[in-house]
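No value in this document is a laboratory result; all are computed from the given coordinates. Everything quoted here is computed from the prediction, not taken from an experiment. FYI the Cβ positions are ideal-geometry reconstructions off the backbone, even for glycines, and counts take in every protein chain you see.
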Amino acid sequence: MFRSLRENVPETVQVSVNGHPVQVPARQTVWSALALSGQTVTRKSALSGEDRSAYCTMGVCFECLVEIDGEPNQQACLREVAPGMVIVSQNITEFTMADRDGL
């Protein structure tokens, strides 16, 4: 579905995307790593449960929120990949937030 338009592929880094190791070009955004690995769902909608993905890819819409290295709610379109980075799609609802707080 998605492919890089770069003619010369720069050095690559290995990241984990939803538990799968993926080699991606260095200096790409996390969103690019997701798209190139074929995993374009960044999170589930809190109300409807529908798949969400990057919309604006410039940090305005907040549709691309993912968990990066254990930190939730990171904008995939603004973060650059780093070797060993762990990227996980989010599924945050009112119930998961309540569970996190022990309620």
Give me, ordered by chain and number, the residues 5 or more places off Gln90 or on other chains with an amide H under 5 Å from its own placed amide H. Arg43, Lys44, Glu67
Amide H partners (placed H, <5 Å) of Arg79, local residues excluded: Val30, Trp31
Sorting Leu34, Leu47 on the 10 Å Cβ count, fewest up front, what's the list? Leu47, Leu34
Quick one: 3J(HN,Hα) in Hz for the stretch 64-71, Karplus 6.51/-1.76/1.60 with θ = phi - 60°, rounded, Gly and Pro as x. 9, 5, 9, 9, 10, 6, x, 9
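Give me Rg/Rg_expected for the stretch 12-100, where Rg uses Cα atoms only and Rg_expected = 2.2 N^0.38 Å with N residues.
That ratio works out to 1.03.
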